[in-house]
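Below is one structure; the comments refer to it alone.
The values are calculated or read from the model by the stated rules, or taken from the named source; none is laboratory data. Nothing here was measured: the structure is a model prediction, and the numbers come from that model. A quick note on method: Cβ atoms are made from the backbone with ideal geometry, for glycine too, and the neighbour counts reach across all protein chains shown. Areas reflect the complete protein model, heavy atoms only, side chains present, ligands, DNA and RNA absent. Shrake-Rupley method; radii C 1.70, N 1.55, O 1.52, S 1.80 Å.
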Amino acid sequence: MVKVGLTGGIGAGKSEVSRLLASYGAVVVDADKIAREVVEPGTPGLAAVVEEFGEDVLTTDGTLDRPKLGGIVFNDPEKLKALNAIVHPLVGARSAELEASAGPDAVVVHDVPLLTENGLAPLYDTVVVVDAAPQTQLDRLVRLRGMAEDEAKSRMAAQATREQRLAIADLVIDNDGPLEALEPQVRAVWERLRGA
C-alpha cells in the first residue's frame, strides 16, 4: 500500500485532482467529506459542536448550519481551534478505518485540506500539493463558488501559506492554468505513485 497525502489551498483545485486520481484507481479518503459525515444529525460529533457553539449553529431541520459556523470560526482562531479539536479526531478515526479496508496493493490518497497546518506530512509515503497562485484561488472562490471576496480572503488566511505547503511537497501539481492542462500532470503523478 502506498499512502499519499493530497493537499492544496482552498480554490486550488484539489477536489478535481482527487476525482481524477479516483478515476485512475486510487482509493480516495476525503477528509472534507468525512468531516461532514461526523457532524450529521444524531452523531456524537454534532452533539459536541452544539455543546461548544450553541443551538444557533443548527438549521431549523437540525442539521449543521455550515455557513453560520464558518462565519464564527474563520474569524476567530480560538474558536477554529475548538472546532478542530472536536472534528479532527473523529475524521482521523474514520480515515483509518477506510484505509484499513483498502487492499495491500492500493494507492490510498488521503485528501486532506489542512495537512500542512496540522503537521501531518510524516504520516504519508508521498505528499502531493495542488498549487495555484493566491490570486487564482481568490478568483475561483468568488467567480465559481460565489463567495464574497472578504469571506474568501478570510478562509485563505486561515490556511497555511503557499510557501508552507510547497515546503512539505514531494510532488507538486501546478493548477494555475486551464482544466485541460491539469489532467496530463495528474496522470504523470499517478504513474509515479503506481511505481512507488
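Points worth noting:
- Annotation note: Cβ proximity below 8 Å between a residue of the range 185-196 that is over 12 Å from residue 25 (Cβ atoms) and a residue that is open to solvent by 70 Å² or more (accessible area, probe 1.4 Å) (sequence gap 6+ or interchain) occurs for 185/174; 196/125.
- Test result for residue 91, modelled with pLDDT of 95 or more and either outside any strand (DSSP E or B) or not small (Gly, Ala, Ser) (or both): no
- Any hit, the range 137-160, residues being in contact with a strand residue (DSSP E or B) (Cβ under 8 Å, 6 or more places away or on another chain) and in contact (Cβ under 8 Å) with a residue 24 or more places away in the chain: no
- Checking each residue in the range 123-135 for being open to solvent by less than 30 Å² (accessible area, probe 1.4 Å) and either within 25 Å of residue 71 (Cα to Cα) or not hydroxyl-bearing (Ser, Thr, Tyr) (or both) picks out 127, 128, 129, 130, 131, 132, 133.
- Test for residue 10: is it part of a helix (DSSP H, G or I), crowded, with 16+ Cβ neighbours inside 10 Å and touching a residue at least 12 places away in the same chain (Cβ under 8 Å): no
- Residue among 140, 155 that is more than 15 Å from the chain's Cα centre (by Cα), open to solvent by less than 60 Å² (accessible area, probe 1.4 Å) and under 10 Å from residue 11 (Cβ atoms): 140
- Candidates 97, 117, 78: the one that is of a type in the set (Asp, Glu), more than 24 Å from residue 47 (Cβ to Cβ) and either loosely packed, with under 15 Cβ neighbours inside 10 Å or within 13 Å of the chain's Cα centre (by Cα) (or both) is 117.
- Selection from the range 62-78 of residues that are closer than 19 Å to residue 152 by Cβ and in a helix (DSSP H, G or I): 66, 67, 68, 69, 70, 71, 72, 73, 77
- Matching residues, the range 18-61, being touching a strand residue (DSSP E or B) at 6+ places or on another chain (Cβ under 7 Å), of a type outside the set (Val, Ile, Thr), surrounded by 18 or more Cβ atoms within 10 Å (Cβ to Cβ) and part of a helix (DSSP H, G or I): 18, 21, 31, 46
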